[in-house]
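Asker: Submitted below is the structure of interest, expressed as structure tokens.
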Amino acid sequence: MPELTQVITATPNPIDLSGWTCPAPLRDSPTIVMGHGGGGAMSGELIEHLFLPAFGDAADGELGDSAVLTAPAGRLAFSTDSFVVKPMFFPGGTIGDLAVNGTVNDLAMSGARPLYLSTAFILEEGTALADINRIATAMGHAATAAGVRLVTGDTKVVDAGHGDGVFINTAGVGVIQDGVDIRPTRAAVGDVVIISGPIGLHGVAIMSCREGLEFGTTVETDCAPLSGLVQAMIATGADIHVLRDPTRGGVAATLNEIAKASGVGVTLVERDLPIPEVVGNACSLLGLDPLQVANEGKLIAMVAASDAETVLAAMQAHEYGRQAAVIGRCVADHPGMVVARTGLGGNRVVDLPIGEQLPRIC
Amino acid sequence: MKYLDEFSNPELAATLLERIKSTCTRRWAIMEVCGGQTHSIIRHGIDQLLPDEIEMIHGPGCPVCVTPLEIIDRALAIAASPGVIFCSFGDMLRVPGSSQDLFRIKSNGGDVRVVYSPLDALKIAKENPDRQVVFFGIGFETTAPANAMTVYQAKRLGIANFSLLVSHVLVPPAISAIMESETCRVQAFLAAGHVCSVMGTTEYPPLAEKYKVPIVVTGFEPLDILEGIRLTVRQLESGRHEVENAYPRAVSTDGNPAAKAMLTDVFTRTDRTWRGIGMIHGSGWRLSEKYAEFDAENRFDVRGIRTIESTLCRSGEVLQGLIKPHECAAFGRECTPRNPLGATMVSSEGACAAYYLYRRLELTPVAVHA
């Protein structure tokens, strides 16, 4: 296959051909063509020679029309999320691990232990196979790290110019053990608000490469699976009232949603917020509020004050909660609203972002 | 960040507040001119910490807020034209024109792009020689040098498919207009530090003298603002009216000579209409004759677009410091950042949006019982 090798090495990220089997993968094309989504031989080759090897041990399927799963004991959590992040590759992650961790974390926020994930791809014609391979490999690694199996999937191809490289949808199922009752409506007056670590890293990492902004150091996404951290928190026996991962809209949006759902007020102390210097700097430069910047590996917990110390200790003992900190309280005042005490001692309302974050003019 | 953290120190802030309190013996009304300062005052709760005697009046220094509806409608018409790539700073996208905003144009297929520097727009023009690329050049003296630079470079490099939709406004004529208004309550000004970092401070002594008002050039971090207020109150209490510089780390008397030379070359003075305030003679810049070919209003047939402002919106009175945002009946009801009636509710530098975003807790009941 000298011709094929020649073509592939011409792409920016050459596919690692070692371990691939004949027939030659994906015919002669180093990029996605419409035929890869047609359900025929090319689709099959894409699955057999790209996706399954890239997913590695995390892949678990017989390529039927549906995955057949054994129902575990306990209640099930079920969640889905779509990923359209641009660019597909960013410091510390790719759209692939984001797609796995995103759904893993959504399941974990109800206290579930994630078990199975589906993966559906919408690929734009002309996307380099090497890029797809890199994304799928990242998904395999992320699934293995989170302890979930990739059990079913789908691939469609859209015309060049009608997509943005790769869109991914993942849906997942997890199991919730008896006695666990974590819901956004359970926040109660007196609850302590805990964040699992420094905020704003994912959003700033994406903005830095999307906008060509440099901040002196490379900011990496905090994208991580939080199911292990959540299981460690549950294992303390504490009654965890609410868990949420502050993704789009950041901590501000998440706390506002919880405050509204539970009918409590939330007060934050600005100087207790773990804002990394680089995030603070980037936000100052762009006129953004770090509380509204996205995270992909952080959670907010609301627990009774009597449980706070135990839960915080368990979080700080886990690799994804080392810098966990108490940032506020649930109060009876201003129900449905989040209010921060500023560094100078004033108060301000912390609002939901309206839509897309818009940098200020000057 | 160096020069940021140091200027937010709570202990030093408490010391400055104490000094302001001990100096202040009666009521004073001070206008901060710049929207960036308004944002900082409300965001950090500085107005809550000041003695009750000191009233901060929020001035017309938010470029998004004062850009007239007519120019917004012209921008929308250009952005909706086939083949145009319309580039803008982010916070102009949500500013409502007569019937829509740039977001709506974008969702209807218009090629509207957010850029962080006007030079990015020039780069887009270079990369798309078969498209007309227009940059929406608004703002005060602060943003003007970079906008001037794009036109200068476009001419130098022969990038003929680039043009600038200009709506620049200037601080000193606005100060005059405010002081000459019959309803003026302003007794002193915090001048906009970043404007002065470009222009220097020499335009201000004649204003301080003519209107007998203290003018203190002030920065944007909490301690900068408190120091500006402290110097202002000290002047007011001692009956002086001088220009002082409370932002010497960024502002020199002469400003930035290279930027000023560029501005003189590219722009020429013109009358400008300020949204909510009206026409102020000689209060803005347009492209000079030498660069007229890069004026988007010459390139696109939009000069015929004339519009009338909403009567419900009282942003004009807010911008002149005659009412506080929550004293408008529409505040928080018909008018929110999600459905803004006027531009002061759009940009976070606008007084109405700053009040809505950060002060709703105290202000909503006022509005409800009003």
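The values are calculated or read from the model by the stated rules, or taken from the named source; none is laboratory data. Since this is a predicted model, take the numbers as computed values, not measurements. All Cβ positions, even for glycine, are placed from backbone atoms using ideal geometry, and neighbour counts span all protein chains on display.
Asker: Taking segment B:106-129 only, how many residues are farther than 20 Å from residue B:294 by Cβ, part of a loop (DSSP other than H, G, I, E, B) and of a type in the set (Gly, Ala, Ser)?
Answerer: 2
Residues checked against (1) away from chain B (no Cβ under 14 Å); (2) under 30 Å from residue A:94 (Cα atoms); (3) within 23 Å of the chain's Cα centre (by Cα); (4) not aromatic (Phe, Trp, Tyr):
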residue: A:257; (1), (2), (3), (4): yes, yes, yes, yes
residue: A:266; (1), (2), (3), (4): no, no, no, yes
residue: A:269; (1), (2), (3), (4): no, no, no, yes
residue: A:301; (1), (2), (3), (4): yes, yes, yes, yes
residue: A:305; (1), (2), (3), (4): yes, no, no, yes
residue: A:311; (1), (2), (3), (4): yes, no, yes, yes
residue: A:316; (1), (2), (3), (4): yes, yes, yes, yes
residue: A:329; (1), (2), (3), (4): yes, no, no, yes
residue: A:349; (1), (2), (3), (4): no, no, no, yes
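Asker: Has segment B:251-260 got at least one residue that is closer than 25 Å to residue B:351 by Cβ and crowded, with 19+ Cβ neighbours inside 10 Å? Lay out the reasoning, then the answer.
Answerer: First, the residues of segment B:251-260 that are closer than 25 Å to residue B:351 by Cβ: B:251.
Okay, now just the ones that are also crowded, with 19+ Cβ neighbours inside 10 Å, so B:251.
Among the residues of segment B:251-260, at least one is closer than 25 Å to residue B:351 by Cβ and crowded, with 19+ Cβ neighbours inside 10 Å, which makes the answer yes.
Asker: Hey, residue B:258 hits all of (1) touching a residue at least 12 places away in the same chain (Cβ under 8 Å); (2) farther than 20 Å from residue B:186 by Cβ; (3) of a type outside the set (Ser, Thr, Tyr); (4) in a helix (DSSP H, G or I) but one; which does it fall short on?
Answerer: Residue B:258 satisfies all of (1) touching a residue at least 12 places away in the same chain (Cβ under 8 Å); (2) farther than 20 Å from residue B:186 by Cβ; (3) of a type outside the set (Ser, Thr, Tyr); (4) in a helix (DSSP H, G or I) except (1).
Table: residues versus (1) surrounded by 17 or more Cβ atoms within 10 Å (Cβ to Cβ); (2) out of contact with any Gly (no Cβ under 7 Å at 6 or more places or on another chain); (3) within 14 Å of chain A (Cβ to nearest Cβ).
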| position | (1), (2), (3) |
| --- | --- |
| B:107 | no, yes, yes |
| B:112 | yes, yes, yes |
| B:122 | yes, yes, no |
| B:133 | yes, yes, no |
| B:145 | yes, yes, yes |
| B:148 | yes, yes, no |
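Asker: Just give me the residues in segment B:96-105 being touching a residue at least 60 places away in the same chain (Cβ under 8 Å) and away from chain A (no Cβ under 14 Å), in sequence order. Let's see the steps before the verdict.
Answerer: Step one: of segment B:96-105, the residues touching a residue at least 60 places away in the same chain (Cβ under 8 Å) are B:96-98.
B:97, B:98, listed by residue number.
Asker: Could you tell me which of the residues A:123, A:107 is closer than 23 Å to residue A:221 by Cα and surrounded by 24 or more Cβ atoms within 10 Å (Cβ to Cβ)?
Answerer: Among A:123, A:107, only A:107 is closer than 23 Å to residue A:221 by Cα and surrounded by 24 or more Cβ atoms within 10 Å (Cβ to Cβ).
The rows are residues; the columns are (1) modelled with pLDDT of 95 or more; (2) assigned to a helix (DSSP H, G or I).
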site: A:268; (1), (2): yes, no
site: A:280; (1), (2): no, yes
site: A:285; (1), (2): no, yes
site: A:294; (1), (2): no, no
site: A:298; (1), (2): yes, no
site: A:301; (1), (2): yes, no
site: A:306; (1), (2): yes, yes
site: A:312; (1), (2): yes, yes
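Asker: Okay, moving on. For segment B:191-223, which residues satisfy the criterion of being within 25 Å of residue B:6 (Cβ to Cβ) and among the aromatic types (Phe, Trp, Tyr)?
Answerer: If the condition is that a residue be within 25 Å of residue B:6 (Cβ to Cβ) and among the aromatic types (Phe, Trp, Tyr), then B:220 is the only one that fits.
Asker: Which of the strands (runs of 3 or more DSSP E) found entirely inside segment B:1-95 contain at least 1 residues meeting this: more than 28 Å from residue B:188 (Cα to Cα) and more than 9 Å from chain A (Cβ to nearest Cβ)?
Answerer: Where strands (runs of 3 or more DSSP E) fall fully within segment B:1-95 and carry at least 1 residues being more than 28 Å from residue B:188 (Cα to Cα) and more than 9 Å from chain A (Cβ to nearest Cβ), they are B:84-88.
Asker: Same structure again: Which fully enclosed helices (runs of 4 or more DSSP H) of segment A:36-110 have 1 or more residues being more than 28 Å from residue A:228 (Cα to Cα)?
Answerer: Ranges flagged: A:41-46.
Asker: Further question: Quickly run through segment B:266-283 and pick out the residues that are among the basic types (Lys, Arg) and surrounded by fewer than 16 Cβ atoms within 10 Å (Cβ to Cβ).
Answerer: B:269
Asker: Can you tell which of A:313, A:294, A:308, A:325 is surrounded by 20 or more Cβ atoms within 10 Å (Cβ to Cβ) and at negative phi?
Answerer: Selected residue: A:294, the only one of A:313, A:294, A:308, A:325 that is surrounded by 20 or more Cβ atoms within 10 Å (Cβ to Cβ) and at negative phi.
Asker: Could I ask something else about it? Restricting to segment B:337-356, what's the tally of residues that are aliphatic (A, V, I, L, M), crowded, with 24+ Cβ neighbours inside 10 Å and touching a strand residue (DSSP E or B) at 6+ places or on another chain (Cβ under 9 Å)?
Answerer: Residues meeting the conditions: 3.
Asker: Mind checking which pairs have a first residue in segment B:330-356 that is more than 13 Å from residue B:315 (Cβ to Cβ) and free of Cβ contacts under 8 Å to residues at least 12 places away in the same chain and a second that is in a loop (DSSP other than H, G, I, E, B) and among the β-branched types (Val, Ile, Thr), Cβ under 8 Å, 6 or more apart or different chains?
Answerer: Close Cβ pairs (under 8 Å, with a partner that is in a loop (DSSP other than H, G, I, E, B) and among the β-branched types (Val, Ile, Thr)) amount to B:338/A:354.
Asker: Quick test for you: out of B:334, B:327, B:293, B:289, pick the one residue that is more than 17 Å from residue B:68 (Cα to Cα) and exposed (fewer than 14 other Cβ atoms within 10 Å of the Cβ).
Answerer: Just a single option satisfies the conditions, and that option is B:289.
Asker: Only one residue in A:216, A:179, A:153 is at pLDDT below 95 and farther than 27 Å from residue A:87 by Cβ, so which one is that?
Answerer: Numbers: A:216 fails: farther than 27 Å from residue A:87 by Cβ; A:153 fails: farther than 27 Å from residue A:87 by Cβ.
A:179 is the lone residue from the list that is at pLDDT below 95 and farther than 27 Å from residue A:87 by Cβ.
Asker: Another question about this same structure. Could we say that residue A:224 is part of a loop (DSSP other than H, G, I, E, B), touching a helix residue (DSSP H, G or I) at 6+ places or on another chain (Cβ under 7 Å), under 19 Å from residue A:279 (Cβ atoms) and in contact (Cβ under 8 Å) with a residue 40 or more places away in the chain here?
Answerer: Criteria met by residue A:224.
Asker: Now for a different question. In this structure, is residue A:261 within 14 Å of another protein chain (Cβ to nearest Cβ), in a helix (DSSP H, G or I) and closer than 17 Å to residue A:352 by Cβ?
Answerer: No, not satisfied.
Asker: Could you please find all residues in segment B:185-227 being in a helix (DSSP H, G or I), among the hydrophobic types (A, V, I, L, M, F, W, C) and within 13 Å of another protein chain (Cβ to nearest Cβ)?
Answerer: Going residue by residue through segment B:185-227, those that are in a helix (DSSP H, G or I) are B:193-199, B:205-211, B:222-227.
Checking which are among the hydrophobic types (A, V, I, L, M, F, W, C) leaves us with B:195-196, B:198-199, B:207-208, B:223, B:225-226.
The answer is B:195, B:198, B:223, B:225, B:226.
Asker: Residue B:52 - would you say it is without any contact (Cβ under 8 Å) to a residue 40 or more places away in the chain and under 20 Å from residue B:223 (Cβ atoms)?
Answerer: no
Asker: Of the conditions (1) small (Gly, Ala, Ser); (2) within 14 Å of another protein chain (Cβ to nearest Cβ); (3) assigned to a strand (DSSP E or B), residue A:336 fails just one. Which one is it?
Answerer: Among (1) small (Gly, Ala, Ser); (2) within 14 Å of another protein chain (Cβ to nearest Cβ); (3) assigned to a strand (DSSP E or B), residue A:336 violates only (3).
Asker: Right, something else. Does segment A:276-335 hold any residues that are of a type in the set (Ser, Thr, Tyr) and farther than 20 Å from residue A:249 by Cα, and which are they?
Answerer: In the first step, residues of segment A:276-335 are kept if they are of a type in the set (Ser, Thr, Tyr); the result is A:284, A:306, A:310, A:320.
A:306, A:310, A:320, listed by residue number.
Asker: Under 6 Å between Cβ atoms, at least 6 apart or on separate chains: pull out the pairs that start in segment B:191-205 with a residue that is assigned by TED's automatic domain parsing to the domain that holds residue B:217 and end on any residue that is acidic (Asp, Glu).
Answerer: B:195/B:141; B:198/B:141; B:199/B:141; B:200/B:254
Asker: Exactly one of these conditions fails for residue B:53: (1) buried (at least 21 other Cβ atoms within 10 Å of the Cβ); (2) in contact with a Cys (Cβ under 6 Å, 6 or more places away or on another chain); (3) not small (Gly, Ala, Ser). Give me its number.
Answerer: The single condition residue B:53 does not satisfy is (1).
Asker: May I ask you to say which residue of B:124, B:20 is at pLDDT 95 or above and within 30 Å of residue B:179 (Cβ to Cβ)? Don't jump to the end; show me each part of the working.
Answerer: On the way: B:124 fails: within 30 Å of residue B:179 (Cβ to Cβ).
From the options B:124, B:20, the qualifying one is B:20.
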